[in-house]
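Presented below is the structure to which this report refers.
Where a number appears in this text, it was derived from the coordinates with a stated rule and is not lab data. Predicted, not measured: the structure shown is a model, and the values here were computed from it. Here the Cβ positions follow ideal geometry from the backbone for every residue, glycine too, while neighbour counts run over all protein chains shown.
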Amino acid sequence: MTITVLAFGITRDICGQRRFTLDLPEKTSSDALLAILQEKYPPLRQLSSLLVAVNESYAEPGHVLADGDEVALIPPVSGG
Amino acid sequence: MTITVLAFGITRDICGQRRFTLDLPEKTSSDALLAILQEKYPPLRQLSSLLVAVNESYAEPGHVLADGDEVALIPPVSGG
Amino acid sequence: MQFDIQLKDTPLDFEACTRRVMQPDSGGIDVFIGTVRNATRGRAVLRLEFEAYEGMALREMQKIAESAAAQWPLHALVVHHRTGVLLPGEIAVVIAVSAAHRDAAFTACRYLIDTLKQTVPIWKKEVFEDGEVWVAAHP
Amino acid sequence: MQFDIQLKDTPLDFEACTRRVMQPDSGGIDVFIGTVRNATRGRAVLRLEFEAYEGMALREMQKIAESAAAQWPLHALVVHHRTGVLLPGEIAVVIAVSAAHRDAAFTACRYLIDTLKQTVPIWKKEVFEDGEVWVAAHP
């Protein structure tokens, strides 16, 4: 299956791109995706926190991804 | 000695005047003054509270008045 | 720190009060605006009449401002209060506070209005269609 | 109750936000304004760059507003947040809340800004003379 990854804030700098696609095995979970990305981009491990949103909602670690999902990397937010 | 009494809010309605003078024995205290006024204007006793300010500052009950003092009757405040 | 503390018998300008506390080193600004409600406990309010012991009210507001500035790291502080006759919707009080961070601004603003309502010699009479009452005068 | 929740890439208008929540039955209005400070820990700030995950940020702000309206008896609520490049002194966020009484207005306003800062996907980069940093990214 193919998912789209959006990288915001410092994760965009780390990944070097704002938006990219990944081909993943069926039923990959959101935390498995994070592990794949942290392997590929080690500086992601140094963040204060790193959450994942799937289709514009925060996802639990065990959330199972589906083909076509939009997954956003959410480093520590700092609005306001 | 002579003091000036200022009556604000509901105390003005009760006393029927905004400003009047009283002749008092030397060393009358602020609570003695209140007792005199409550005797003369019994509805003052029905207020939620009644404080006294002397020369623009809140006065303790035992505060001793002096000739020429400006004494204000302070019923419950309700600014804001 | 300078305080801008006023009793006014003309309409209050919350925008000017707010701009006055915005400073280059401030990050958090809290503004409280008290307005005249069109009803109290279901009774329509025609107008409010505010009366102040002016000299003492200004002194007490100054004291409260000094107390707030001593308790929290504030940058600027404005307290404007109306006197006279106010119609529903009009502004009775504006308190604006700025600080580097929001916690001080919020906490001080809340303290200022709460304390003002307890200690500053200002009284309001609510005028209804069929009567009037000095607020809080009786138990 | 209607919420007015916006992300904007143009200057925020705190006066319009405030007027929007002033209603005839409201007695207490609290407004929080977050501005760009000219310095952080003694370092001069040249500008801030705000980035948002727009669709999700609006959804999260809407959720926070619904949560506030469920917890306190509010009359109206505005949350406007900037995106893009902001210079010192510019307004990053305005939150305005009205209620019959001040306690609900203050408490809800504080809840809204505190929760916004924790959950809404907006990020800011501080740009200094000699470098830049994504705020709060690292421990």
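Looking only at segment A:20-30, decide whether some residue is within 22 Å of D:ALA52 (Cβ to Cβ), surrounded by 12 or more Cβ atoms within 10 Å (Cβ to Cβ), among the small types (Gly, Ala, Ser) and touching a strand residue (DSSP E or B) at 6+ places or on another chain (Cβ under 6 Å).
Checked against the condition, which is being within 22 Å of D:ALA52 (Cβ to Cβ), surrounded by 12 or more Cβ atoms within 10 Å (Cβ to Cβ), among the small types (Gly, Ala, Ser) and touching a strand residue (DSSP E or B) at 6+ places or on another chain (Cβ under 6 Å), segment A:20-30 yields at least one hit.
Find all pairs meeting these conditions: Cβ atoms under 6 angstrom apart; at least six residues apart or on different chains; first residue within segment C:51-69 and more than 8 Å from chain B (Cβ to nearest Cβ) and at negative phi; second residue among the aromatic types (Phe, Trp, Tyr) and not in a strand (DSSP E or B).
If the second residue must be among the aromatic types (Phe, Trp, Tyr) and not in a strand (DSSP E or B), the pairs left are C:ALA68/C:TYR111.
When segment D:73-107 is examined, which residues are found to be touching a Pro at 6+ places or on another chain (Cβ under 9 Å) and either among the polar types (S, T, N, Q) or under 23 Å from C:LEU112 (Cβ atoms) (or both)?
Scanning segment D:73-107 gives D:ILE91, D:ALA99, D:ALA100, D:HIS101, D:ALA104.
Could you please give the count of residues in segment C:123-139 that are surrounded by fewer than 19 Cβ atoms within 10 Å (Cβ to Cβ) and among the charged types (D, E, K, R)?
At the first step, the residues of segment C:123-139 found to be surrounded by fewer than 19 Cβ atoms within 10 Å (Cβ to Cβ) are C:127-133, C:135-136, C:138-139.
Narrowing further to those that are among the charged types (D, E, K, R): C:129-130, C:132.
Counting residues in segment C:123-139 that are surrounded by fewer than 19 Cβ atoms within 10 Å (Cβ to Cβ) and among the charged types (D, E, K, R) gives 3.
Report yes if D:GLU51 is within 19 Å of D:TRP123 (Cα to Cα) and out of contact with any Leu (no Cβ under 8 Å at 6 or more places or on another chain), otherwise no. Show your work before the answer.
Working: within 19 Å of D:TRP123 (Cα to Cα): yes; out of contact with any Leu (no Cβ under 8 Å at 6 or more places or on another chain): yes.
Considered against the rule, which asks whether it is within 19 Å of D:TRP123 (Cα to Cα) and out of contact with any Leu (no Cβ under 8 Å at 6 or more places or on another chain), D:GLU51 comes out as yes.
Kindly indicate whether any position in segment D:105-112 is free of Cβ contacts under 8 Å to residues at least 40 places away in the same chain and not acidic (Asp, Glu).
Initially, segment D:105-112 is screened for residues free of Cβ contacts under 8 Å to residues at least 40 places away in the same chain, giving D:107.
Next cut, not acidic (Asp, Glu) only: D:107.
So far as segment D:105-112 goes, yes, one or more of its residues are free of Cβ contacts under 8 Å to residues at least 40 places away in the same chain and not acidic (Asp, Glu).
Select from segment B:56-80 the residues that are closer than 14 Å to B:SER30 by Cα and surrounded by 15 or more Cβ atoms within 10 Å (Cβ to Cβ) and list them in ascending order. Can you show your working first?
Of all residues in segment B:56-80, those closer than 14 Å to B:SER30 by Cα come to B:56-74.
Hits for segment B:56-80 are B:GLU56, B:TYR58, B:ALA59, B:HIS63, B:LEU65, B:ASP69, B:GLU70, B:VAL71, B:ALA72, B:LEU73, B:ILE74.
Looking only at segment D:75-107, count every residue that is among the aliphatic types (A, V, I, L, M), surrounded by fewer than 24 Cβ atoms within 10 Å (Cβ to Cβ) and over 30 Å from D:ASN38 (Cβ atoms) and tell me the total.
Residues meeting the conditions: 3.
Please identify the pairs in which a residue from segment A:35-55 that is basic (Lys, Arg) has its Cβ atom under 8 Å from the Cβ atom of a residue that is outside any loop (DSSP other than H, G, I, E, B) and surrounded by 13 or more Cβ atoms within 10 Å (Cβ to Cβ), counting only partners at least 6 apart or on another chain.
What qualifies is A:ARG45/A:GLN38.
Is it fair to say A:ALA53 is facing chain D (nearest Cβ under 7 Å) and in contact with a helix residue (DSSP H, G or I) (Cβ under 7 Å, 6 or more places away or on another chain)? Don't jump to the end; show me each part of the working.
Working: facing chain D (nearest Cβ under 7 Å): yes; in contact with a helix residue (DSSP H, G or I) (Cβ under 7 Å, 6 or more places away or on another chain): yes.
So A:ALA53 passes the test.
Looking only at segment D:17-42, filter to residues that are more than 10 Å from every other protein chain (Cβ to nearest Cβ) and closer than 26 Å to C:ASP25 by Cα; which one of those is nearest to the chain's Cα centre (by Cα)? Before you say what the answer is, go through the steps one by one.
Let us first name the residues in segment D:17-42 that are more than 10 Å from every other protein chain (Cβ to nearest Cβ), namely D:17, D:20, D:41-42.
Filter again for closer than 26 Å to C:ASP25 by Cα, leaving D:17, D:41-42.
Details: D:CYS17: 11, D:ARG41: 22, D:GLY42: 24 Å.
Once the filter is applied, the top-ranked residue is D:CYS17.
Among the residues of segment A:12-21, is any within 14 Å of chain D (Cβ to nearest Cβ) and in contact (Cβ under 8 Å) with a residue 40 or more places away in the chain?
yes
Does at least one position in segment B:35-43 carry a residue that is surrounded by fewer than 17 Cβ atoms within 10 Å (Cβ to Cβ), touching a Lys or Arg at 6+ places or on another chain (Cβ under 7 Å) and not in a helix (DSSP H, G or I)?
We begin by selecting, within segment B:35-43, every residue surrounded by fewer than 17 Cβ atoms within 10 Å (Cβ to Cβ); these are B:35-36, B:38-43.
Restricting the remaining residues to those that are touching a Lys or Arg at 6+ places or on another chain (Cβ under 7 Å) gives B:38.
Now drop any that are not not in a helix (DSSP H, G or I), which leaves none.
The answer is no; no qualifying residue exists.
Looking only at segment C:20-52, filter to residues that are in contact with a helix residue (DSSP H, G or I) (Cβ under 9 Å, 6 or more places away or on another chain) and not hydrophobic (A, V, I, L, M, F, W, C); which one of those is farthest from A:GLY80 (Cα to Cα)?
By that ranking, first place goes to C:GLU51.
Collect the residues in segment D:1-49 that are touching a Gly at 6+ places or on another chain (Cβ under 9 Å), closer than 21 Å to A:VAL77 by Cα, surrounded by 22 or more Cβ atoms within 10 Å (Cβ to Cβ) and touching a residue at least 60 places away in the same chain (Cβ under 8 Å), keeping them in residue-number order.
D:PHE32, D:ILE33, D:GLY34
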